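K.L.:
I'd like to ask you about the structure that follows.
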Amino acid sequence: MHVTRRDVARGIASAAAAAALPRPLFAQGAARIVVIGGGFGGASCARKLRQLDPGLQVTLVEPNQVFTACPFSNEVIAGLRALPKQQFTYDKTAAAGVTVISQAATKIDTQARTVTLTDSASLGYDRLVLAPGIDLRFDALPGYDEAAAASMPHGWKAGEQTMLLRKQIETMADGGTFVLAVPAAPLRCPPAPYERASLIAHYLKNRKPRSKVLILDAKDGFSQQKLFEAAWKELYPGMVERIALSQGGRVVSVDAGTNTLVTDFGSYKADVASVIPPQKAGRIAEIAGVADNTGWCPIDPVTFGSKLQPDVHVIGDACIAGQLPKSASAAHAQGKACAAAIVNMMSGRTPEQPRLTGACYNTVEPGYAFSLSGVYQPRDGQFAEVESATSPVNAPREERRREAERAENWFKTITEDIFG
Ligand SMILES: Cc1cc2nc3c(=O)[nH]c(=O)nc-3n(C[C@H](O)[C@H](O)[C@H](O)COP(=O)(O)OP(=O)(O)OC[C@H]3O[C@@H](n4cnc5c(N)ncnc54)[C@H](O)[C@@H]3O)c2cc1C
């Protein structure tokens with residue numbers, strides 16, 4: 001069931017949703033769960049809710065009719081993959097009985113328990129799930145605002161930005177310097193900047209071998225550092241350089257007019273620059289009053305319930321999830337666990353302690369990948385890593401090839417589970 005802006009305005013959305021309900025959960029009618037954000041977290045949660053209890057009235061609010069996934073978008077930038085392979089519709093979500101509303105949520109009243117949409121229509125809820133992903137802090141890095149992002153793309157939300165960076169890399173002259181600015185933690189997908197540097201190096205090595213990749217980093221250490229550094233040495237000797245925080249790598253301002261990045265110790269003029277700015281939970285989280293002064297949303301790790309507002313749950317990149325990294329893998333697992341917790345709570349049962357698994361693959365050239373996986377459980381009010389495994393630094397190339405295959409399979413499986 002796909003519901004348009006006009007349908008909502010006419011009230012067809014709720015009528016159609018009600019008609020789809022096989023049985024009421026509450027005496028006074030079916031319980032209404034509204035999920036905001038149809039990405040890895042929200043779309044997983046909406047579908048799982050209907051699967052666990054087909055009596056629930058589940059509505060997914062998402063402005064885009066086509067979702068563009070970030071995992072594997074670095075391959076698109078490096079010309080190894082076409083953007084449509086990253087794109088998914090909500091047809092199957094709707095077929096599963098979720099009412100999909102193609103609008104953004106603009107306001108949330110947690111007292112009245114209503115969500116206002118772009119066209120001013122209002123939706124009531126019994127429980128609300130927020131999964132808005134991230135927003136970029138355009139006020140955090142002097143010189144880097146939305147206009148600057150049009151010439152120094154972040155590519156941290158996939159789609160237009162991905163293609164913009166792709167085009168810039170394609171038109172860069174041989175001998176040029178690609179500069180990547182990496183922010184301090186927390187950020188969406190901590191290893192993805194280094195995967196981007198690797199895959200762009202792969203493209204340049206083959207097409208523009210006199211070029212360089214320079215990473216200006218606001219961190220000293222990073223996820224899977226030894227694996228990345230060994231791969232750069234082996235695959236791209238002399239091509240990839242990284243300046244860490246303690247060496248003066250933190251970018252403190254940019255000038256989009258001259259493509260210049262300024263650090264504490266110097267300025268760097270780029271031929272192409274990708275600036276990943278600091279991030280925060282999607283803006284609607286702030287509007288709902290579920291984000292704290294860090295910009296992220298504190299939650300109870302058992303129920304994903306907001307610590308700041310009743311009857312609101314927050315999942316995915318937007319929430320503060322302890323050692324669980326901000327990844328598609330984690331958002332997917334959280335979406336399902338949150339759905340289970342909501343169904344249990346609404347039936348008067350105690351929610352179970354979630355045990356979430358996450359896997360993160362990084363590709364450094366086609367057929368060469370490594371991974372990090374973990375198991376996470378609530379401990380002292382946060383998610384703690386209870387098991388983890390990382391690819392060995394000295395694995396044979398055959399193992400890297402198998403990891404690349406597993407990465408492809410992971411993406412296929414997760415997107416099939418959510419959108420297929
Ligand atoms: C380059 C790159 C590579 C990555 N690679 C990997 C990887 O290999 N593996 C991995 O596990 N993770 C990877 N990630 C991370 C992954 O993309 C995110 O962690 C994941 O998308 C988080 O899911 P989410 O549901 O929280 O947010 P998203 O998937 O971003 O979904 C949020 C949705 O909310 C919607 N939304 C926002 N505001 C509103 C509103 N007001 N009303 C309605 N809807 C709204 C948005 O339109 C969006 O569709 C990568 C990220 C990047 C940038």
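The values are calculated or read from the model by the stated rules, or taken from the named source; none is laboratory data. Predicted model only: the values in this text are computed from it and were never measured. We place every Cβ from the backbone using ideal geometry, glycine too, and count neighbours over all the protein chains shown. Keep in mind that these areas ignore ligands, DNA and RNA; they rest on the heavy atoms of the full protein, side chains included. Shrake-Rupley method; radii C 1.70, N 1.55, O 1.52, S 1.80 Å.
K.L.:
Counting alpha carbon pairs within less than 8 Å and at least 6 residues apart, what relative contact order, in whole percent, applies to the chain?
P.N.:
Relative contact order of the chain: 17 percent.
K.L.:
Could you do me a favour and compute the accessible area per residue for segment 205-333, 1.4 Å probe, result in Å²? Don't skip to the end; give the middle numbers.
P.N.:
Values: 5150 Å² over 129 residues.
Here the residues of segment 205-333 average 40 Å² of exposed surface.
K.L.:
Using only Cα atoms, tell me the angle between helix 397-419 and the longest principal axis of the chain; keep it within 0 to 90° and round to the nearest 10.
P.N.:
In the chain, helix 397-419 runs at an angle near 30 degrees to the longest axis.
K.L.:
Roughly how many Å is it from the Cα centre of segment 28-46 to that of segment 126-197, as a whole number?
P.N.:
Cα centres, segment 28-46 to segment 126-197: 28 Å.
K.L.:
Something else now. Dividing the convex hull volume of the alpha carbon atoms of the chain by its residue count, what do you get in Å³ per residue?
P.N.:
Spread over its residues, the Cα hull of the chain gives 136 Å³ apiece.
K.L.:
Where a ≥ b ≥ c are the square roots of the eigenvalues of the C-alpha gyration tensor, would you call segment 284-345 rounded, which needs a/c under 1.5, or, failing that, prolate if a/b is larger than b/c, or oblate? Don't jump to the answer; show the numbers that get you there.
P.N.:
Details: a/c = 1.93, a/b = 1.15, b/c = 1.68.
Oblate shape, in that a/c is at least 1.5 and b/c is the bigger or equal ratio.
K.L.:
Would you mind telling me which residue in D271, D139, D217 has the biggest mean-square fluctuation in a Gaussian network model of the chain, where springs connect alpha carbons within a distance under 10 angstrom?
P.N.:
Maximum among the listed residues: D139.
K.L.:
Do the sum for the chain: with -39,500 (n - 2.57) for every DSSP H run of n ≥ 4, divided by all residues, what is the mean residue ellipticity at 222 nm, to the nearest 500 deg cm²/dmol?
P.N.:
My calculation for the chain gives -9000 deg cm²/dmol from helical runs alone.
K.L.:
Looking at the chain as a GNM with Cα springs under 10 Å, which of A121, A273, A158 has the largest mean-square fluctuation?
P.N.:
A121
K.L.:
Determine the sum of side-chain charges near T116: Lys and Arg each +1, Asp and Glu each -1, restricted to other residues whose C-beta is under 11 angstrom from that of T116. Let's see the in-between values first.
P.N.:
Numbers: positive: K107; negative: D109, D119.
Residues near T116 contribute -1 overall.
K.L.:
Against the longest alpha carbon principal axis of the chain, how many degrees, from 0 to 90 and to the nearest 10, is the axis of helix 40-52 turned?
P.N.:
30
K.L.:
Using the Cα centre of segment 234-364 as origin and beta-carbon charges of +1 (Lys, Arg) and -1 (Asp, Glu), tell me which of S327, M345, Y236 is placed farthest towards the positive end of the dipole.
P.N.:
About the Cα centre, the residue reaching furthest to the positive side is M345.
K.L.:
Moving on. To the nearest 20 debye, what is the magnitude of the charge dipole of the chain about its Cα centre, counting +1 on the Cβ of each Lys and Arg and -1 on the Cβ of each Asp and Glu?
P.N.:
620
K.L.:
Looking only at E405, E234, E146, which one moves most when the chain is put into a Gaussian network model with springs between Cα atoms under 10 Å?
P.N.:
Result: E234 has the largest fluctuation of those listed.
K.L.:
Only four residue types carry charge here, +1 at the Cβ of Lys and Arg and -1 at the Cβ of Asp and Glu. Report the dipole size of segment 118-227 about the Cα centre in Debye, rounded to the nearest 20.
P.N.:
Rounded to the nearest 20 debye, it is 680 debye.
K.L.:
Run down the lysines and flag those whose C-alpha is under 24 Å from the C-alpha of K212, throwing out any fewer than 8 positions away in its chain.
P.N.:
Counting by Cα, and skipping residues close in sequence, K212 has these lysines nearby: K167, K226, K233, K269.
K.L.:
To the nearest 10 Å², what's T68's accessible area with a 1.4 Å probe?
P.N.:
Accessible area, nearest 10 Å²: 30 Å².
K.L.:
By DSSP, what percent of the beta bridges with both residues in the chain are antiparallel, rounded to the nearest 5?
P.N.:
Bridges in the chain are about 55 percent antiparallel.
K.L.:
I would also like to ask the following. Ignoring ligands, DNA and RNA, please state the percent of accessible area on segment 154-298 from carbon and sulfur, probe 1.4 Å.
P.N.:
51
K.L.:
Give the peptides 307-315, 392-400 in descending order of average Cβ contacts within 10 Å, highest first.
P.N.:
Put in order of decreasing packing, that is 307-315, 392-400.
K.L.:
Further question: When the dipole is taken about the Cα centre of segment 60-155, and only Lys, Arg (+1) and Asp, Glu (-1) are charged at their Cβ, what size is it in debye, to the nearest 20?
P.N.:
Value, rounded to 20: 300 debye.
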